[in-house]
Amino acid sequence: MKAAAKVETKKAPAKKVEKEVTREEVQADLEALTVAQLKEIASQLELTGVSALKKADLIEAILDAQAK
């Protein structure tokens, strides 16, 4: 009798589903952050003149910068 051959099955790698994120979803995420966190993001985006902005204006500036 011959030994049964091993059969290897390989799973295909999981496909990454990239979902387009809407401006409203990003805005909701930003609204959950503190002003200090938003200022840090603005700094990383190299935005200037944001230190005196109110939270809502800061969020708009970040969204505008990310849209570019």
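Of all the numbered requirements in (1) modelled with pLDDT of 95 or more; (2) on the phi > 0 side of the Ramachandran plot; (3) not acidic (Asp, Glu), GLN27 misses one, and that requirement is (2). Being modelled with pLDDT under 90 and either of a type in the set (D, E, K, R) or in contact with a strand residue (DSSP E or B) (Cβ under 9 Å, 6 or more places away or on another chain) (or both) is a condition met by no residue of the stretch 31-51. Identify all residues within the stretch 46-66 that are loosely packed, with under 15 Cβ neighbours inside 10 Å and part of a loop (DSSP other than H, G, I, E, B); write none if there are none. Matches in the stretch 46-66: GLU46, THR48, GLY49, SER51, ALA52, LYS54.
The values are calculated or read from the model by the stated rules, or taken from the named source; none is laboratory data. Note that the structure is a prediction, hence the values are computed from the model and not measured. Every residue, glycine as well, gets a Cβ built from its backbone with ideal geometry; the counts of neighbours run over all protein chains shown.
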